[in-house]
Protein chains: 6
Amino acid sequence: MATLGFIDYEQATPEVRAIYDDIMATRQTDWINNFWKALAHDPATLRRTWQSVKAIMAPGALDALTKEMMYLAVSASNQCGYCIASHTAAARKAGMTDAMFAELMAVVGMANESNRLASGYQVEIDERFKTP
Amino acid sequence: MATLGFIDYEQATPEVRAIYDDIMATRQTDWINNFWKALAHDPATLRRTWQSVKAIMAPGALDALTKEMMYLAVSASNQCGYCIASHTAAARKAGMTDAMFAELMAVVGMANESNRLASGYQVEIDERFKTP
Amino acid sequence: MATLGFIDYEQATPEVRAIYDDIMATRQTDWINNFWKALAHDPATLRRTWQSVKAIMAPGALDALTKEMMYLAVSASNQCGYCIASHTAAARKAGMTDAMFAELMAVVGMANESNRLASGYQVEIDERFKTP
Amino acid sequence: MATLGFIDYEQATPEVRAIYDDIMATRQTDWINNFWKALAHDPATLRRTWQSVKAIMAPGALDALTKEMMYLAVSASNQCGYCIASHTAAARKAGMTDAMFAELMAVVGMANESNRLASGYQVEIDERFKTP
Amino acid sequence: MATLGFIDYEQATPEVRAIYDDIMATRQTDWINNFWKALAHDPATLRRTWQSVKAIMAPGALDALTKEMMYLAVSASNQCGYCIASHTAAARKAGMTDAMFAELMAVVGMANESNRLASGYQVEIDERFKTP
Amino acid sequence: MATLGFIDYEQATPEVRAIYDDIMATRQTDWINNFWKALAHDPATLRRTWQSVKAIMAPGALDALTKEMMYLAVSASNQCGYCIASHTAAARKAGMTDAMFAELMAVVGMANESNRLASGYQVEIDERFKTP
């Protein structure tokens, strides 16, 4: 079990329940995943993290699916097991097909390869790439 | 200068020139950036890397702009200076606006934060997130 | 089981036993955790690693608890499962409360977020931050 | 210059100025460093990031100096040039001496070494380290 | 099970079978490990990845054992659980002894430590190390 | 300049000079690179780091060149600018040719790519890869 354990809805304080309710309403789901139940031991972090996630992942200049796939791309690059599992599910729910997943992973793999080639060969930034 | 230096078009062998030509034709541009000129000392790696990038970044289940932004998201997460500069330019050329860039970076930042919270709290993967 | 397996106290050579004894005496405990039992196949690495850990983690300009929490902060940032588990235990033994753990994790998460924002936005170092 | 450039106080909108004012008041300083001036192109990210930093770095179960040093430890572990420079300055301002810095860095180095030894040797987590 | 599941030899299309056959022939083995069976859902990525691995890992200026050990060194540094397990097996098959493994891990640990010390102390690159 | 500045041979205490002398004698060179001059502000870390590097990098089951190339492979994977520059120089001095460097970098790139594919696809470790 997580370091501080999980706080289920039934055990939660009204403050935590209100956040759980908002998570479920925003995501149109009827359950809370472990990440939030682990953070609930620190209500300040729970609230701040949720509010940030809610604001950042809402559609804006980028649509929700693109944002979910970017989140998954970063999580896969960082090799965070929990995050890969949860954001694969989230991206699928937002519309990611198997073909999109496969292309996403190919980009993540390629970027990780070329990042090391660029750094390992000590390539200087081209003048044209520098911001004015 | 890069570890092995750069190979400009004029100095390049016909084998390398053919790859440079394909890069410029595919990208509809008239110059070669330093990354490729550094790899050109190893024509096998130059060819394989270019062919992989060309295949992976072509539109498919994901459009070209989404792929470029994912590449940038991974590069920013990995903190590769050269790659951030070059793929910011590439993503802009593909249509990324300042607003899209800002939202992309917010997602990258948030994913990096929550990746560590999930791992640091030792959160177990929910049964529902496990693939059948 | 670990790549080379574990070497228990009973099976250990006198050289390895002496190190195990020093670990237990220094930490005021009566058991050896898996990390050391895995390294024991390479007595030179076992000794060097233990002596470095012993010297570095001893109270100095920073107290032992602060050092243990820093060790945990880095391990959480690196997402090393074994290290998070073992150093959470070590930090708690040194006095880390749940509230301290939660604040530590919030700092780790925030630092990982802002590290990517700074790199992703290609922010130059302020003149005032440069060392003279 | 940063990807989107910097927004100085004089050029800033009232919304951004109010955040700049809060940063300076909270930190008891009379200038804004580049990180915030780069984020200011996205006022939502500027506000959210500043409010999170302000809340997380305030003294609580951990004092302000310990938090600043943890921030620096993570930034050094992540090798973020901008963040190392800015948080070295911030930690010094909060009271970090050269001796404390040196011990901090020794812990960061050691943690990064042992993280890889634990993972590379495929060490299983001890039963005693698992949370109940 | 992996995100998209595994494709066994019996279920595979002729295209995928041909790649599986080449993997087994090249590696002189009679089975396919999970990595390839997971990628097989995306035949383009399966083929490209295998062809790259086959070309890169073939003996050249560096012998096959040295390459396998480098692959393991990077995987251990990146803390990729699957990759550490599979490339430990591959390196052993190529001739890595326990003593070589232990020295390899010591180098990986030390490099990760000194990488952070160099960055954390903000050490400038010596003029003599700069390429002409 | 580095965070705490550099300590040149002329300014060094006898304790530090003795370590500098050992570095130069071991490496058969007549100068000290910036890394050591930055660490010299903390003689305990300077000594411990040097003694560890000296012991780890000495020929054993692996020869000196292979170790230097592994050090470079990890540094390139970690994208540590200082370490890439200094260990490229060290590996060349130990005999690394341009062709060996190019193959090394190809392995580093490929390992970084496949590490993310394995993690991103959530590939389980094969039974045969598990240590008994």
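For this structure, a couple of remarks:
- Candidates B:Tyr71, B:Tyr121, B:Tyr82, ranked by Gaussian network fluctuation over chain B, Cα under 10 Å, top entry: B:Tyr121
- Cα lying deepest toward the dipole's positive end in chain E, options E:Tyr71, E:Leu4, E:Val16, charges on Cβ: E:Val16
- Database remark: amide H of A:Thr3 closer than 5 angstrom to the amide H of B:Gln122 (H placed geometrically; neighbours at sequence offset of 5 or more, or on other chains; Pro and chain starts carry no H).
- Within chain C, helix-based [θ] at 222 nm, where runs of 4 or more DSSP H residues each add -39,500 (n - 2.57), nearest 500: -21000 deg cm²/dmol
- The listed peptides B:2-9, C:31-38, ordered by packing as a protection proxy, come out as C:31-38, B:2-9 (highest mean of other Cβ atoms within 10 Å first).
- Buried on assembly, the range F:1-25 (at least 10 Å² less accessible surface than by itself, 1.4 Å probe): F:Met1, F:Ala2, F:Thr3, F:Leu4, F:Phe6
- In this calculation the C-beta distance from A:Asp98 to A:Arg17 is compared with R0 = 41 Å, giving a FRET efficiency of 0.65.
- Panel note: the C-alpha atoms of chain C, placed on their principal axes, show extents of 57, 34, 29 Å (largest first).
- Using θ = phi - 60° in the Karplus curve 6.51 cos²θ - 1.76 cosθ + 1.60, the 3J(HN,Hα) couplings for the range E:92-108 round to 5, 4, 7, x, 5, 8, 4, 5, 5, 4, 5, 5, 4, 5, 5, 5, 4 Hz; x is entered for Gly and Pro.
- Computed from backbone phi with θ = phi - 60° and the Karplus coefficients 6.51, -1.76 and 1.60, the 3J(HN,Hα) list for the range F:33-48 is 7, 4, 3, 6, 5, 7, 5, 4, 5, 10, x, 5, 5, 4, 5, 4 Hz; x is used for glycine and proline.
- Site pair B:Asp30 and E:Asp63 shows an inter-label distance of 5.2 nm when each label is modelled 7 Å from Cα along Cα→Cβ.
- Neighbour net charge for A:Asp21 - beta-carbon separation under 15 angstrom, K R +1, D E -1: 0
- In units of the rule-of-thumb radius 2.2 N^0.38 Å, the protein assembly as shown shows an alpha carbon radius of gyration of 0.90.
- Buried accessible surface for the E/F chain pair comes to about 5900 Å², total over both chains, computed with a 1.4 Å probe.
- Other residues lying with their Cβ under 11 Å from the Cβ of C:Glu103 contribute a combined charge of -2, Lys and Arg counting +1, Asp and Glu -1.
- In terms of its Cα atoms, the range F:61-119 spans 36, 25, 23 Å along the principal axes, sorted from long to short.
- Positive minus negative residues near D:Phe35 (Lys, Arg vs Asp, Glu; Cβ under 11 Å): -1
- Peptide C:59-66 shows a mean partner chain C-beta count of 5 within 10 Å per residue C-beta.
- Computed from backbone phi, the HN-Hα couplings of the range C:58-64 come to 5, x, x, 5, 10, 6, 4 Hz, rounded to whole numbers (Karplus: 6.51 cos²θ - 1.76 cosθ + 1.60, θ = phi - 60°; Gly and Pro given as x).
- Solvent exposure of the range C:1-124 as accessible area per residue, Å², 1.4 Å probe: 33 Å²
- Percent RCO, i.e. relative contact order, over the range E:44-110, from Cα pairs under 8 Å lying at least 6 residues apart: 31 percent
- For the A-to-D rotation axis, chain A residue with nearest beta carbon and its distance in angstrom: A:Ser52, 3
- Mean Cα-pair separation over length for chain A, i.e. relative contact order, pairs under 8 Å, 6 or more apart, %: 17 percent
- Nm distances between copies for B:Ala18, ranked from closest, using label points 7 Å along Cα→Cβ: 2.2, 6.4, 6.4, 6.5, 6.9
- As a fraction of the 1.4 Å probe accessible area of chain A, surface on carbon and sulfur atoms comes out at 54 percent.
The values are calculated or read from the model by the stated rules, or taken from the named source; none is laboratory data. Fair warning: this is a prediction, and the values are worked out from it, not measured in the lab. As a convention, Cβ positions derive from the backbone with ideal geometry for all residues, glycine included, and neighbour counts pool all protein chains shown. For accessibility, only protein heavy atoms count, side chains too; no ligands or nucleic acids. Shrake-Rupley method; radii C 1.70, N 1.55, O 1.52, S 1.80 Å.
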